[in-house]
Structure formats: structure tokens, C-alpha cells
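Report on the structure given below.
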Amino acid sequence: MADLKRKRGRKPKNVVDNSADAPGISSKEALDDGVLSATPVETAITNGDPPTHRRGRGRPKKGGKHDEEVDRDIAASPERRGHRFAEHNGDITTVLSGDLRHGADLAAVAAAAKAAPSMDAVVKVFCVHTEPNFSLPWQRKRQYSSSSSGFIIGGRRVLTNAHSVEHHTQVKLKKRGSDTKYLATVLSIGTECDIAMLTVNDDEFWEGVSPLEFGDLPALQDAVTVVGYPIGGDTISVTSGVVSRIEILSYVHVSTELLGLQIDAAINSGNSGGPAFNDKGKCVGIAFQSLKHEDAENIGYVIPTPVIMHFIQDYEKNGAYTGFPIIGIEWQKMENPDLRLSMGMAHNQKGVRIRRVEPTAPESNVLKPSDVILSFDGVDIANDGTVPFRHGERIGFSYLVSQKYTGDDAQVKVLRKSKTLEFKIKLNAHKRLIPAHIKGKPPSYYIVGGFVFSAVSVPYLRSEYGKDYEFDAPVKLLDKLLHAMAQSIDEQLVVVSQVLVADINIGYEELVNTQVIAFNGKPVKNLKSLAKMVEACKEEYMKFDLDYNQIVVLQTTNAKAATSDILAMHCIPSAMSDDLKT
């Protein structure tokens with residue numbers, strides 16, 4: 001380091017040695033107001049720092065900063081409007097990643113210039129949301145407004161993000177340079193891929209606008225330009241960068257894994273749903289989330305065209321969104337030589353071992369635990385679970401599955417007891433014991449004797465324990481979330497969510513979020529079956545078997561008689577949600 005010359009009247013500044021030990025665990029940056037929470041991800045401990053103490057009854061948080069194990073937050077969620085902004089759509093605000101004086105990529109600048117003619121198809125999305133209240137499921141939360149981005153495609157349709165219009169009560173669109181907001185209709189919401197399709201009935205909205213054209217999946221280092229209406233202003237904004245990674249990403253909106261692009265262009269709150277252009281002015285993706293971490297800057301994620309086209313074609317083919325299918329298995333890598341030999345694999349055979357098969361999956365009839373999947377639709381699977389993607393690239397074999405549609409057939413080659421077998425399996429949507437999303441439906445509930453019974457979902461856990469629910473929720477619920485498999489299509493995890501205190505339930509007041517195992521000796525399959533059994537109960541006592549070997553016993557006649565008074569006291573309109581009445 002060069003010597004520091006002392007200037008007259010000033011003391012030399014202290015030189016900070018950045019080579020010292022890195023700091024320990026730091027808290028994750030808070031999301032912008034109104035932003036959907038992301039699922040926390042564990043990271044490895046570095047620099048010998050001691051582990052943190054266990055928080056609540058969940059798993060302990062771990063510190064450190066692994067490159068691939070940091071939290072992906074939806075920082076590009078719709079901008080929540082806390083106060084009124086001036087709404088002008090005139091000038092273009094251009095933000096380049098980097099400084100031209102310091103060698104910024106000129107190709108990114110060229111990409112921004114070529115995307116300019118297509119900017120008229122980019123619209124601003126205004127949405128009023130009314131979210132369900134999982135703590136009080138008979139009512140909804142206070143409504144709030146947000147703004148995000150979208151763009152016009154063929155067929156008088158507009159694409160944006162699913163989380164931009166989630167739980168919508170009203171959606172409006174405004175074109176660039178216009179002062180008019182047009183009422184929009186939501187045609188379809190793809191929860192797994194975080195894409196929503198809208199339309200506008202007013203013919204005036206479609207005048208003078210050409211729909212965007214889709215381009216091919218870009219390659220690494222290809223220039224991209226993200227256009228939208230992010231926080232910090234009301235005019236259209238342009239951020240430019242390059243494609244830095246192509247891989248299977250975790251879509252944090254519903255914790256699914258699909259193909260995604262990582263780019264180094266800034267994606268901020270309000271950019272959600274905005275298009276990403278290539279250097280030819282064609283749309284190659286939709287901005288939807290970004291990485292928030294102290295060691296990461298300008299890392300954004302884009303939904304690529306293969307996923308977008310799958311969503312559009314699924315809607316056109318079925319008239320509704322049916323989702324992305326999966327193979328209902330858990331698998332293990334086969335990188336250990338001894339493991340491969342023990343499974344009877346030949347020297348030239350590669351594949352992955354099936355650990356478990358979901359009972360609800362159609363392939364449960366043919367695939368078995370300890371089968372080794374050698375290929376999927378004729379594409380060989382490596383021992384690490386990857387398949388060839390493009391020149392010099394490999395990708396997780398779930399990419400092949402995601403290219404299929406719900407109900408499609410696939411050819412699978414497996415090794416079972418040293419014999420090679422081929423099966424034709426039917427692909428279906430994922431049935432989770434604890435669903436990742438309730439798909440816009442109101443939460444279910446049932447009340448008797450002051451006991452509020454609910455079905456557990458990821459939004460329910462997030463509502464009860466916050467965005468760090470994977471650390472703060474009870475261990476038994478987390479174990480069911482991460483490892484349990486539904487034994488039937490209609491199986492649910494039913495819990496006593498809370499107890500509305502009354503004379504009839506003295507001594508049970510502290511029960512909260514505890515699973516209901518059985519009622520009067522009969523297993524509880526789902527919330528609807530529990531409600532039917534309780535309503536039809538003619539026995540003297542109602543006995544609920546709960547987790548942790550707890551029981552709740554109520555006198556049947558008194559409990560049912562007290563229910564109406566408890567409902568009136570808490571202004572609850574009904575003892576059960578509408579979906580349980582049918």
C-alpha cells in the first residue's frame with residue numbers, strides 16, 4: 001500500500017484492514033413494504049463462528065455466506081402504495097449496471113437502445129389486494145394497493161407476475177404516456193411459475209400498441225434489458241446487464257423449482273412482471289425476484305421464455321392453468337462407487353436412486369424405492385441428477401419433466417435388482433400434505449366449543465410465524481412440511497389453531513397449532529371429515545386425540561350448545577367455512 005501523505009491541518013485517516021475475519025451472522029435485509037415473504041434457506045457456518053441458539057421450537061438458524069445457499073427474496077414484488085405519487089408516464093429513466101467510465105459493457109447499452117421501440121407495450125399494473133386472515137379465517141385483512149409492471153402479448157392479453165395480482169379485488173392497467181387506467185380481468189394465475197394473464201375489455205386500450213414478440217432462450221453473457229415501473233419514480237425505467245447464469249431456480253412465490261435466468265441488471269420492487277429484452281428487442285423473460293444479501297449486488301432473476309410459453313400453451317390447450325407436472329419421488333445421487341456397485345450398476349451405467357415414491361403419484365404403481373432411474377424420455381441421467389442442456393452446460397433432470405404438461409406420458413428406464421426395465425408413466429401435478437398455496441381460495445375453518453380447527457398450508461404458517469416460519473414454527477409441523485407425504489389426494493393436516501376462551505373449554509386455553517390425530521377413535525383425514533364426524537356425533541363425549549399424546553374431552557350436548565354463544569361473542573358469522581357446507 002502506498003504511503004499516505006499527511007496534509008496540513010488534517011490527520012491521516014485510519015486504514016481499515018479488510019483482510020480480518022469476516023463478520024458473523026447478519027440479519028437479512030427487510031423486504032419492501034407489501035413484499036411477499038421468501039422462504040428462509042439454511043447456510044453453512046464459516047470462520048469458526050458458534051451456531052446461533054434455537055429460535056422458538058423450529059430449526060436453528062445457521063450463519064455464513066455460501067454462494068449458492070443464500071436467501072432469494074422477492075424484492076421485485078409489486079410496490080405497495082403507502083401514499084399518493086404523481087403518475088406520469090413520459091420520460092425514460094435509464095439505469096445502467098456499472099459506469100461507462102469504468103468499462104461497462106457497451107452491448108448492454110445497445111440492447112437498451114434496440115428495446116426502445118417495444119417499450120410502448122409495457123404497462124403499469126395497479127392492483128388492490130384483500131388477503132385472507134389465517135388467524136381469523138372468517139374475515140379478511142385490510143385491503144392495500146400495489147403497483148407493478150406487465151406487457152402486452154398477442155390475442156389481446158397482458159402478462160405479469162402472479163404475486164402482482166394475488167388476492168386481487170381490482171386490477172387496472174395504464175399504458176406508457178397515457179393518463180387513463182383501464183379495468184382489467186384476470187384470465188389465469190399460474191402459481192407455480194409466478195405468471196398471470198390479464199385482459200382488458202375496452203377496445204381503446206389496444207389501439208396503437210403492437211404486442212411483444214418472444215425470443216429464444218439467451219446464452220451466457222448475452223445482453224438483456226429489463227423494462228418496468230420500479231420504486232423510485234413513476235416513469236418507465238430501463239436497467240441493462242447480461243445473463244450471468246442459467247439453471248433450475250427456486251421460485252419463492254410457491255417454493256417450486258423451474259428453469260430461470262440470473263442477470264446482473266437491477267430488479268427492484270415494482271419491476272415485477274416487466275419484460276426482459278434481448279439485443280434484438282424481443283422478450284426473453286419476465287422479471288420476478290432478486291437476491292437480497294449483504295455480499296450480493298445487482299443479482300436479479302428472470303422467468304425465461306420456455307416457462308412462459310408453457311404457461312401460455314397450457315392455458316390455450318386446457319382453457320385454464322393446470323400447472324407443471326412432477327415425478328412424485330425423492331431421489332439420491334449415485335456418485336459413490338460402492339453405492340453403485342451395491343445397486344448392481346454396470347461400469348457404464350449412470351442414474352439416481354429412488355428414495356421414496358409419493359403414494360398419490362400415478363407412478364407409484366410401477367416405480368419402487370431403490371429403483372435406479374437411468375433415463376427420462378430417452379435422455380440419460382448422470383449420477384448427480386443432471387442431463388445435457390446446451391453446449392458445455394448441464395442442468396437438473398427436473399427440467400425435462402417441467403417441459404411436459406399435466407396428464408402427459410413419459411418413458412422411464414430404471415434398474416431394479418440388476419435388471420433394466422422400461423415403464424410408461426403418467427405425469428401429474430404435485431399433491432403436498434401441506435400445500436404451498438391456497439390458489440386464491442379463502443382458508444377453511446371449523447369451530448365447536450370454542451376450538452378453531454384449520455387446515456395447515458404454507459401461507460398459514462407464514463401468517464402465524466412470519467417470513468422465518470421455517471425456523472420459528474413447531475418442529476413437528478416443520479417435519480411434516482419438509483418430509484411428510486400425503487397418503488391420499490384429499491388428505492390434509494388439521495390443527496387446533498386456537499381456543500376461543502369460554503367456560504366450556506377451561507383448561508384448554510393454551511392449545512395452539514397442535515395437530516388433530518383422531519376423533520372418538522377415528523383418524524382425521526381432513527378438515528371436512530372432522531366437521532362431519534363432530535356434527536353427526538351422538539355420543540355423550542367428544543374426544544379429540546392431539547399430537548404430543550394430548551387429548552381434549554368435551555360433553556357433546558353442552559359443547560354444541562355453547563358454540564352459538566361463542567360465535568356471537570366474537571362476531572363470527574358461521575361455525576364453518578362455506579367449502580365445508582357442501
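Quick look at the numbers
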quantity: Simple spin-label estimate for residue 429 and residue 409 in nanometres, 7 Å along Cα-Cβ; calculated: 2.3 nm
quantity: Under 5 Å, built H, 5+ apart or other chain: amide partners of residue 577; calculated: 445
quantity: Residue-wise HN-Hα coupling along segment 351-364, computed from phi with Karplus coefficients 6.51, -1.76, 1.60 (Hz; x: Gly, Pro); calculated: x, 10, 8, 7, 7, 9, 10, 5, x, 7, 7, x, 6, 5
quantity: Accessible surface of segment 113-203 [probe 1.4 Å, protein heavy atoms]: carbon and sulfur percent; calculated: 44 percent
quantity: Where trypsin sites (Lys or Arg not before Pro) fall in DSSP loop in segment 472-551, at most 11 other Cβ within 10 Å; calculated: 538
quantity: Alpha carbon centroid spacing (whole Å) that separates segment 347-408 from segment 180-212; calculated: 37 Å
quantity: FRET efficiency for residue 368 and residue 475, using Cβ-Cβ distance with R0 set to 35 Å, rounded to 0.05; calculated: 0.70
quantity: Extension gain, residue 185 back to residue 313 (0.36 nm per residue minus Cα-Cα distance, nm); calculated: 44.2 nm
quantity: If the convex hull is drawn through the Cα atoms of segment 439-552, its volume per residue in Å³; calculated: 121 Å³
quantity: Computed E for residue 136/residue 422 - FRET, C-beta separation, R0 60 angstrom, nearest 0.05; calculated: 0.70
quantity: Accessible area of segment 445-570 divided out per residue, in Å², using a probe of 1.4 angstrom; calculated: 45 Å²
quantity: Accessible-area composition of segment 445-570, carbon plus sulfur, in percent [1.4 Å probe]; calculated: 53 percent
quantity: Inter-probe distance in nm under a simple model that places probes 7 Å from Cα toward Cβ, at residue 393 and residue 487; calculated: 4.4 nm
quantity: Cα→Cβ-extended label distance, 7 Å offset, between residue 338 and residue 578, nm; calculated: 6.1 nm
quantity: Cut-off under 5 Å, modelled amide H: who pairs with residue 514 long-range; calculated: 496
quantity: Low-density loop cleavage sites - GluC sites (Glu not before Pro) in segment 298-344, where at most 13 other Cβ are within 10 Å (DSSP); calculated: 335
quantity: Calculated FRET value between residue 379 and residue 320, using beta carbons and R₀ = 35 Å, to 0.05; calculated: 0.75
quantity: Sequence-distant residues sharing a close amide H with residue 184 (under 5 Å, placed H); calculated: 171, 172, 173
quantity: Residue-count net charge about residue 422 - beta-carbon cut-off 14 Å; Lys, Arg +1, Asp, Glu -1; calculated: -1
quantity: Protection-proxy order for peptides 160-171, 248-259, each taking the mean of Cβ atoms within 10 Å per residue, highest first; calculated: 160-171, 248-259
quantity: For peptides 502-514, 278-290, 234-246, 346-358, sequence by mean Cβ density within 10 Å, most packed first; calculated: 278-290, 234-246, 346-358, 502-514
quantity: Solution diffusion estimate, µm²/s, Stokes-Einstein, segment 199-331, Kirkwood Rh from C-alpha pairs, 20 °C, viscosity 1.002 mPa s; calculated: 133 µm²/s
quantity: Mean Cβ neighbour count within 10 Å, used as a protection proxy, ranking 493-500, 463-470, 564-571, 407-414 highest first; calculated: 493-500, 463-470, 407-414, 564-571
quantity: ³J(HN,Hα), Karplus 6.51/-1.76/1.60, whole Hz, each residue of segment 429-442, x for Gly, Pro; calculated: 6, 6, 9, 9, 4, 10, x, 7, 7, 9, 6, x, 7, x
quantity: Segment 233-309 - accessible surface per residue (Å², probe 1.4 Å); calculated: 25 Å²
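The values are calculated or read from the model by the stated rules, or taken from the named source; none is laboratory data. Remember, it's a predicted structure, so these values are computed and weren't measured experimentally. No Cβ is skipped: glycine too gets one built from the backbone with ideal geometry, and neighbour counts run over all protein chains shown. The area values use the complete protein model at the heavy-atom level, side chains included, leaving out ligands, DNA and RNA. Shrake-Rupley method; radii C 1.70, N 1.55, O 1.52, S 1.80 Å.
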